[in-house]
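Values quoted throughout were computed directly from the atomic coordinates according to the rules given, and no laboratory measurement underlies them. Everything numeric here is computed off the predicted structure, so don't read it as measured data. Cβ placement follows ideal geometry from the backbone for every residue including glycine, while neighbour counts extend to all protein chains displayed.
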C-alpha cells in the first residue's frame, strides 16, 4: 500500500497537466509565431522531451505540436479528423505545408460530441476503469457531488473496456466510450480515475488523478470551477 502511494505521488508529479516554459525559437521567429497565432495556440505548453512541445488551442479538440532539430521547425495542428503539418527551414525560413486526414471514429464520445457537452455550463468529467476498483467506488461519490453542486457530469469509461462484460452490473449512464483526441492529449488514459473540470465551454487546464473522498473532490472542484 505504501509503495502504491509513493508511485501515485510520483505519477502526479511527472504526468499532471502543468504549464512549462515556452519552447525556444531562435530562428525564423516571425514565421513560427505567425503560424502559432493563426492556429489560435493557447501557449499552455507541455513537453515530453527537450525539443517536443504541445499545447491546446482555442479550437476544442485541436492541439499544436512543435518539434525541432538543427535544420527545421516542425509544427502541426492535430485533431481526431485531420492534421496540418508545416515545416519551416531554419536557414531560409521558407515553409512547406501538408495535410493528413484521419478515419472518423464511430465510438460514443468524439471531440465533436464532447465539445457540445462542455458548452452546457460548469461540470465534471470523470473517467474510470473496471480494472481499477477504486475508480468504480468513486462513481457514486462523483455523481452525488455533481448533483449537490448542480454541475453537469460526463462519465466516461476506459476506451479499452469490453462493455459486454460489465453491462450486467454497471449502469448504462457510466458506459460511454471515448475516442477523443482532446482527452488523449491531456493524458487522461494513464491512470483511473481521472478527473477534469470544465467551464465557459472549455476544459480547465488542470487534471486530477486518483480516488478521493467526497470532501477532497469538493475542495478540488470548488477551486478550479470557482464554486
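What are the equivalent ellipsoid semi-axes of the chain, built from the alpha-carbon gyration tensor (square roots of five times its eigenvalues), in whole angstrom, biggest first? Each semi-axis is the square root of five times an eigenvalue, giving 35, 19, 17 Å. In the chain, the longest principal axis of the Cα atoms and the axis of helix 133-149 are about 90 degrees apart. Eigenvalues of the alpha-carbon gyration tensor of the range 129-209, scaled by 5 and square-rooted, set the equivalent ellipsoid semi-axes at 20, 16, 11 angstrom, largest first.
Quick check on the exposure proxy: order 128, 45 from fewest to most C-beta atoms within 10 angstrom. It would help to have the intermediate numbers written out before the result.
Values: 128 25, 45 18.
Ascending number of Cβ neighbours within 10 Å: 45, 128.
As a proxy for reagent exposure, ranking 100, 60, 221 by other Cβ atoms within 10 Å from fewest up yields 100, 60, 221.
Per-residue ellipticity at 222 nm, computed for the chain from helices alone with -39500 (n - 2.57) per DSSP H run of at least four residues, works out to -8500 deg cm²/dmol. Between residue 152 and residue 100, the contour length at 0.36 nm per residue exceeds the alpha carbon distance by 15.3 nm. Applying Stokes-Einstein at 4 °C and 1.567 mPa s to the Kirkwood radius of the range 15-101, computed over alpha-carbon pairs, gives a translational diffusion coefficient of 99 µm² s⁻¹. Shape class of the range 101-150 from the Cα gyration tensor (axes a ≥ b ≥ c, square roots of the eigenvalues): oblate, since a/c reaches 1.5 or more and a/b does not exceed b/c. Computed from Cα positions, the angle between helix 214-224 and the longest principal axis of the chain comes to roughly 30 degrees. Compared with the dominant Cα axis of the chain, that is its longest principal axis, helix 29-38 is turned about 40°. When 171, 34 are sorted by how many other C-beta atoms sit within 10 angstrom of their C-beta, beginning with the fewest, the order is 171, 34.
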